[in-house]
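A short worksheet on the structure shown next.
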Amino acid sequence: MIVLALRGIAERKLRSALTAIAVLLGVAMIAGTYVQTDQIKTAFEDIEQTAYSGTDAVIVPRTEFTSSFGAVEPISQSVVRRVQGVPGVAKAEGSLFDSGQIVKDGKAVEATFAPAIAMSVSGEPFNPFDVVQGRLPAGPGEIAVNRKLADDEGLQPGRRLGLTTRSGIKPVRLVGVVDYGEVSSIGGATLVLATLPDMQAWYDRKGQVTEIAVAAAEGTTPEQLARRLDAVLPPSLEVKTGGQQAQETADEINDAIGGFLTPALLALAGASLLVGAFIIFNTFSITVAQRTRELGMLRAIGATRRQVLGTIGAEALLIGATASIAGLLAGLGISKLLGGLFDAAGMGIPRGDMELAPRTIAIGLAVGIGVTLLSALAPALRATRVSPVAAMVEAPPPAGRSRRRTVVSV
């Protein structure tokens with residue numbers, strides 16, 4: 001049956017190729033989607049782990065649900081002083097996080113598919129920012145912005161700007177350009193850094209912070225520090241290790257990006273596979289109709305219905321498997337293309353190394369082979385109903401040949 005399947009594919013190269021291409025494109029879209037989202041996930045995990053590398057514990061308000069860029073409940077700054085007295089604490093520092101847009105030439109600068117973030121600058125070892133140009137804010141009215149924002153808007157240190165806050169637009173002076181870890185943007189978000197006193201004044205948060213970073217003293221592990229802090233703090237506050245906070249932050253960002261990106265790309269892949277299924281069904285229907293005599297001959301020499309079904313199924317399996325493997329490899333190219341499109345759109349999404357995860361391979365093969373087999377099932381079942389008598393029915397000769405025979409006989 002395998003030999004017959006291979007012969008059938010070889011005799012119908014064009015149709016087999018068209019069927020394979022239909023499957024290949026669908027699998028490539030699926031693989032490309034997962035490769036791209038895996039790259040983004042890996043990149044943000046690495047970024048956040050680096051950002052929290054100097055933080056052993058983090059104190060945040062306890063909430064029922066979390067949001068990467070939503071409003072955050074405040075913590076009294078007195079908690080920072082209380083934390084500094086806990087055994088095993090080397091340093092504790094509060095920071096304030098909110099939203100704020102740069103105002104340039106009287107117009108607010110909109111972020112591309114992402115939030116506009118304003119936050120206070122932290123000291124060592126908690127500061128996750130690397131200065132690219134100028135310096136970090138140190139006095140009233142001073143700000144720094146992320147490099148992508150500066151590049152996109154042509155901003156240089158010394159520029160006078162505005163910043164939208166809860167208490168109105170505040171006049172500010174740009175003193176520095178920074179990267180967040182090793183990237184110039186977090187998924188297209190705009191970042192504005194200011195001093196903690198300015199943030200508290202601008203956002204009506206006097207004596208309040210939204211997060212407290214804690215560094216452990218020598219000999220104290222992050223887990224030990226987190227347990228000690230949890231024992232002395234009220235239930236309204238949650239203590240996490242720096243590693244836990246980094247992972248949760250990365251997961252929240254990935255969920256926010258993947259929440260719209262993955263379904264949209266998979267919908268395109270599904271549409272491609274639907275078209276592919278239609279092509280496969282038509283191709284195998286035509287093939288079965290053209291092979292009526294061949295299938296009838298197989299039945300006449302003793303082939304069972306199951307063997308006939310196996311022949312058609314083997315063709316579908318070979319085409320589906322080959323096209324799916326090629327589609328997985330093509331998915332790497334699709335992922336690279338998607339990354340280029342995101343960059344062209346100004347989304348600025350960081351990406352890690354490109355790889356085919358076992359999950360991506362399994363889904364690609366299962367979907368590609370599965371769609372091919374299911375689409376070929378109805379024509380294959382129709383082939384099992386071909387009677388051995390069909391082998392004895394002579395196909396009508398072509399019209400041109402009949403006319404030549406008529407002329408010769410005359």
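Readers should treat all values here as calculations from the given coordinates under stated rules, not as data from a laboratory. Note that the structure is a prediction, hence the values are computed from the model and not measured. Neighbour counts are summed over all protein chains in view; Cβ atoms, including those assigned to glycine, are modelled from backbone coordinates with ideal geometry.
Any chance you could run the full-extension gain for Lys13 through Thr63? It's 0.36 nm times the residue separation minus the Cα-Cα distance, nm to one decimal.
On the way: separation 50, 0.36 × 50 = 18.00 nm, distance 6.10 nm.
Using 0.36 nm per residue and subtracting the Cα-Cα distance, I get 11.9 nm.
When the charge dipole of the stretch 54-240 is built from unit charges on Cβ atoms (+1 for Lys and Arg, -1 for Asp and Glu) and taken about the Cα centre, the candidate among Pro137, Pro61, Ala150 whose Cα reaches farthest toward its positive end is Pro137.
Relative contact order for the stretch 82-204: what is it in percent, counting Cα pairs under 8 Å that are at least 6 residues apart? Before the final figure, lay out each step's value.
Working: 261 pairs, mean separation 41.0, N = 123.
This gives 33 percent for the stretch 82-204.
Multiplying the residue separation of Ala90 and Ala256 by 0.36 nm and subtracting their alpha-carbon distance yields 56.3 nm. Among Lys107, Lys41, a tally of other beta-carbon atoms within 10 Å of each Cβ gives an order, fewest to most, of Lys107, Lys41.
Around the amide H of Thr210, modelled in the peptide plane, lie the amide H atoms of Ile75, Ser95, Leu96, Phe97, all under 5 Å away and 5 or more residues distant in sequence or on another chain. Residues Ser120, Ser272 in ascending order of nearby Cβ atoms (within 10 Å, fewest first): Ser272, Ser120.
So which trypsin sites (Lys or Arg not before Pro) in the stretch 129-205 are both in a DSSP loop and have at most 13 other Cβ atoms within 10 Å of their Cβ?
Working: sites: Arg135, Arg147, Lys148, Arg159, Arg160, Arg166, Arg173, Arg205; in loops: Arg135, Arg159, Arg166, Arg205.
Taking the stretch 129-205 and a limit of 13 other Cβ atoms within 10 Å, the loop trypsin sites (Lys or Arg not before Pro) found are Arg135, Arg166.
Here the label points at Leu329 and Gln156, each 7 Å from Cα along the C-beta direction, are separated by 5.1 nm in the simple model.
The overall shape of the stretch 137-288, judged from the alpha-carbon gyration tensor, is oblate: a/c is not under 1.5, and a/b is no greater than b/c. If R0 is 56 Å, the Cβ-Cβ spacing of Arg227 and Phe278 corresponds to a FRET efficiency of close to 0.40.
When the dipole is taken about the Cα centre of the stretch 54-240, and only Lys, Arg (+1) and Asp, Glu (-1) are charged at their Cβ, what size is it in debye, to the nearest 20? Numbers along the way, then the final one.
On the way: 19 positive and 22 negative charges, 114 e Å.
Charge dipole of the stretch 54-240: 540 debye, to the nearest 20.
For the stretch 54-240, rounded, prolate or oblate, judged on the Cα gyration tensor with a ≥ b ≥ c (square roots of eigenvalues), a/c < 1.5 rounded, else prolate if a/b > b/c?
Working: a/c = 2.06, a/b = 1.79, b/c = 1.15.
Verdict is prolate for the stretch 54-240.
On full extension of the chain, what length is gained from Gln133 through Ser236, given 0.36 nm per residue of separation minus the C-alpha to C-alpha distance?
On the way: separation 103, 0.36 × 103 = 37.08 nm, distance 3.97 nm.
That pair, Gln133 and Ser236, stretches by 33.1 nm at full extension.
Annotation for Leu337 and Ser53: the two label points, set 7 Å from Cα along the Cα-Cβ direction, are 3.7 nm apart.
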